[in-house]
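We did not get these values from a lab; they are worked out from the coordinates using the rules stated. Only a predicted model underlies this, so the values are computations on that prediction, with no experimental measurement involved. Counting neighbours? That spans all protein chains shown, and the Cβs are built from the backbone with ideal geometry, glycine included.
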Amino acid sequence: TFRRMGKVTFADIQDESGRIQLYFRINELGQRYELLRLLDIGDILGVRGFAFRTKTGELTIHVLDYQLLCKSLRPIPTPKEEVDEHGNRIRHDAFTDKEQRYRRRYLDLIVNPEVRELFRARARIIASIREFFDQRGWLEVETPILQPVYGGANARPFVTYFNALDTHFYLRIATELYLKRLIVGGFEGVYEIGKNFRNEGIDRLHNPEFTALELYVAYRDYYWMMELVEELLLFVAERVNGTRELRRGELTVVLQRPFRRIRWFDAVAHATGCDIRNASESELRALCQQHGIEVPANASVPKLLDELFSTVVQPRLIEPTFVLDYPVVLSPLAKRHRSEPDLAERFELYIFGMELANAFSELNDPLEQRQRFQQQLLWRDKGDLEAMPMDEDFLQALEVGLPPTAGLGIGIDRLAMVLLNQHSIRDAILFPHLRPEHSTVGTSPNP
């Protein structure tokens, strides 16, 4: 802002480190003083002068010379400030439209310093995860984003064409199968933090391009991994926020070990009053209908189970809760439970009704893994577009030998939502995906 008072002008200038007041006087600037009228909010200015404090004690630069470094050709939304009766500055945001803030994140960062701090905190989350893993000697790696066979999750992929190889490739939906290959290769602890891509809907908890952490450690199981996840979350929360207390609106939870644990079928029974462990497909459909869940006519059993859990159980899981021992049909890459073969040694962590982590004792029997893939293909033939494809190269790796291994996946964007008290995943992503403002039909480049 500029505050002109005859032969002197006050202005505020800011950079990433903060804001300071400028003091211009005609005595030092001469004819250049009049050129100040041509400056606009958003212009990038360099100044030379000396610091002093005004009568009110505000640190100010007495400008002896200035230089226009870059002219802003578009208006910058300017927040307004007023001082209340107690002398406190109250800031009124001039850039509040959510969609415009997402589309013009550069303006959002200029106008709203708390948004800059949010993404600094997000960076600290990732840095503290790396610190935690590096302390344990695990290796950070990079695996392919373009893959000839997608896998590691039940999701629809983005498809592209690899001109040099004359074949279709896929943007990865998960890093799991390549990281397991590295465990086969002799590494005993590997992790990757990177982008995954799933061709699915956009909502408060989902963005098709998202950042994920995956970790695989040999000679461990899902019980060990639960304890590690507890340690990790406490470590990151204290590093980033200085507290184990998490807030979301009016809700508050405290990260305190051990986290609550409940088995998958028990959680469903508590929420529905029904034991569905041996339920038929028709019984599952009827239960979904009873709870107002619309499912397609060709929905597979895993789809019915997943919809039932996510609709009826998940919203109730407010305090940190491990849901464990999932149905095997929901866990095509997880090892069968050591004493209950219809279950898998798998858990998911929920906080504030959101899934934060997914982990299991990894299936390392290549014959059973092939059978699981074949079952996925049957469900795909019946219309389940999220069923996994067969991956022969991964099966060959398992045939070489995968030691007992525990695996973990955490969505970084959702973790940032939880730790930084954000209500939409878009608020935790610098540039979330939005529908284009202008049609791009006919402007696609020739592949």
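Structure values in brief
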item	result
Footprinting exposure proxy for 28, 16, 307 (fewest neighbouring C-beta atoms within 10 Å first)	16, 28, 307
Proximal aspartates and glutamates relative to residue 303, as straight alpha-carbon distance under 18 Å, when same-chain residues fewer than 8 apart are discounted	200, 275, 281, 283, 294, 325, 342, 348, 355, 381, 384, 386
Per-residue ³J(HN,Hα) for segment 191-201, Karplus 6.51 cos²θ - 1.76 cosθ + 1.60, θ = phi - 60°, Hz, x for Gly and Pro	8, 9, 10, x, 7, 10, 9, 10, 7, 10, x
Cα shape, segment 2-76, gyration tensor, a/c 1.5 rule	oblate
Surrounding net charge for residue 291, when Lys and Arg each add one and Asp and Glu each subtract one, Cβ distance under 12 Å	-1
Rough spin-label spacing in nm, given labels placed 7 Å along Cα→Cβ, for residue 260 and residue 31	7.6
Debye intensity ratio in log₁₀ form over the Cα atoms of the chain, taken at each q of 0.08, 0.11 Å⁻¹	-0.60, -0.96
Relative packing of peptides 355-368, 50-63 - highest average C-beta neighbours within 10 Å first	355-368, 50-63
Of the DSSP H helices in the chain, those whose Cα atoms cover at least 18 Å axially and whose Kyte score averages 0.0 or more	222-241
Relative contact order, percent, the chain [alpha-carbon distance under 8 Å, six or more residues apart]	14
Partner aspartates and glutamates for residue 195 [C-alpha distance under 15 Å; skip if fewer than 8 residues away on the same chain]	140, 142, 176, 209, 214, 413
Within segment 2-76: Cβ-based charge dipole about Cα centre, in debye rounded to nearest 20 (Lys, Arg +1; Asp, Glu -1)	280
